[in-house]
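The values are calculated or read from the model by the stated rules, or taken from the named source; none is laboratory data. Here the structure is a predicted model, which is why all the values come from computation and not from measurement. All Cβ positions, glycine included, derive from the backbone under ideal geometry; neighbour counts span all protein chains shown.
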């Protein structure tokens, strides 16, 4: 199944735009990306989930672990406009209060104090 994440820079924030159907086979690749982001100084992450068709439990577990790791190192993450499927998963797992969620990337950027400037980053996972 097709899945990708596009990585962009928005000022001091990193925007991750997820698309497609995320299954177990992408777990380790995604954890590698998350580890690179955790190596940044106080990372601020905007995670756009608008175009996600499906997250497997292993992918959701990786995102939960990433949020916990970010909190531990004083990083921040805001999810943006989760698809209906992702919203359902968040509700079923009772994670509504675990994740910060914003309706748009612009609002997430304001909350994280990012500038409006966007510069394409060097990476995409496909």
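Worth a mention:
- For region 75-93, a tally of residues being assigned to a loop (DSSP other than H, G, I, E, B) and at pLDDT 95 or above returns 4.
- Flag if residue 36 is more than 19 Å from residue 1 (Cα to Cα) and part of a loop (DSSP other than H, G, I, E, B): no
- Residues of region 39-71 classified as in contact with a helix residue (DSSP H, G or I) (Cβ under 8 Å, 6 or more places away or on another chain) and in a strand (DSSP E or B), total: 9
- Within the option set 99, 55, being within 24 Å of residue 26 (Cβ to Cβ), modelled with pLDDT under 95 and surrounded by 14 or more Cβ atoms within 10 Å (Cβ to Cβ) holds for one residue only, 55.
- Qualifying positions in region 4-39 - buried (at least 19 other Cβ atoms within 10 Å of the Cβ), within 19 Å of residue 83 (Cβ to Cβ), touching a strand residue (DSSP E or B) at 6+ places or on another chain (Cβ under 6 Å) and in contact (Cβ under 8 Å) with a residue 60 or more places away in the chain: 5, 15, 26
- Of all residue pairs spaced 6 or more apart or on separate chains, those with beta-carbon atoms under 8 Å, a first member in region 70-95 that is farther than 22 Å from residue 113 by Cβ and a second member that is loosely packed, with under 14 Cβ neighbours inside 10 Å and at pLDDT below 95 are 90/96.
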